[in-house]
1. Which one is nearest to residue 48 (Cα to Cα) among residues in region 112-130 that are in contact (Cβ under 8 Å) with a residue 60 or more places away in the chain and surrounded by 12 or more Cβ atoms within 10 Å (Cβ to Cβ)?
2. Which condition from (1) farther than 14 Å from residue 36 by Cβ; (2) modelled with pLDDT under 95; (3) buried (at least 18 other Cβ atoms within 10 Å of the Cβ) is the one that residue 82 breaks?
3. Here is a list of conditions, (1) surrounded by 20 or more Cβ atoms within 10 Å (Cβ to Cβ); (2) under 17 Å from residue 96 (Cα atoms); (3) modelled with pLDDT of 95 or more, and residue 77 meets all of them except one; can you say which number that is?
4. From the list 96, 109, 133, pick out the single residue that is surrounded by 20 or more Cβ atoms within 10 Å (Cβ to Cβ), touching a residue at least 12 places away in the same chain (Cβ under 8 Å) and over 28 Å from residue 37 (Cβ atoms).
């Protein structure tokens with residue numbers, strides 16, 4: 001499965017989650033109840049759990065990992081309310097939302113660097129976002 005196909009699946013999954021949430025306020029209420037100040041630490045924990053798995057998947061050339069990882073990323077972003085809709089309380093933590101949102105694509109681009117969807121600047125931006133998010137979590 002190519003990067004473009006995986007990215008399309010990610011967009012479809014995000015859309016399905018958004019549509020499932022229309023008229024359903026539980027996930028919106030959950031995101032509203034969470035203290036935004038805790039978001040950087042939660043994002044770092046999420047990334048700390050995912051990044052070693054991503055490294056192993058890249059080493060093993062395991063494309064299937066990224067499909068499962070996309071689902072976990074969408075779930076995390078929905079829990080905090082920043083993927084399918086904006087959560088204004090997370091605005092001060094843009095580096096964290098960027099890091100979480102970009103990590104799957106960055107991993108796929110490391111797995112398949114010749115893909116036309118891979119922008120070399122994305123990896124640099126991702127690394128900077130992760131560093132800034134870690135700093136915000138302290």
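1. 130
2. Every listed condition holds for residue 82 apart from (1).
3. Only one criterion in (1) surrounded by 20 or more Cβ atoms within 10 Å (Cβ to Cβ); (2) under 17 Å from residue 96 (Cα atoms); (3) modelled with pLDDT of 95 or more is unmet by residue 77, namely (3).
4. Result: 109 is the single residue among 96, 109, 133 that is surrounded by 20 or more Cβ atoms within 10 Å (Cβ to Cβ), touching a residue at least 12 places away in the same chain (Cβ under 8 Å) and over 28 Å from residue 37 (Cβ atoms).
The values are calculated or read from the model by the stated rules, or taken from the named source; none is laboratory data. Nothing here was measured: the structure is a model prediction, and the numbers come from that model. A quick note on method: Cβ atoms are made from the backbone with ideal geometry, for glycine too, and the neighbour counts reach across all protein chains shown.
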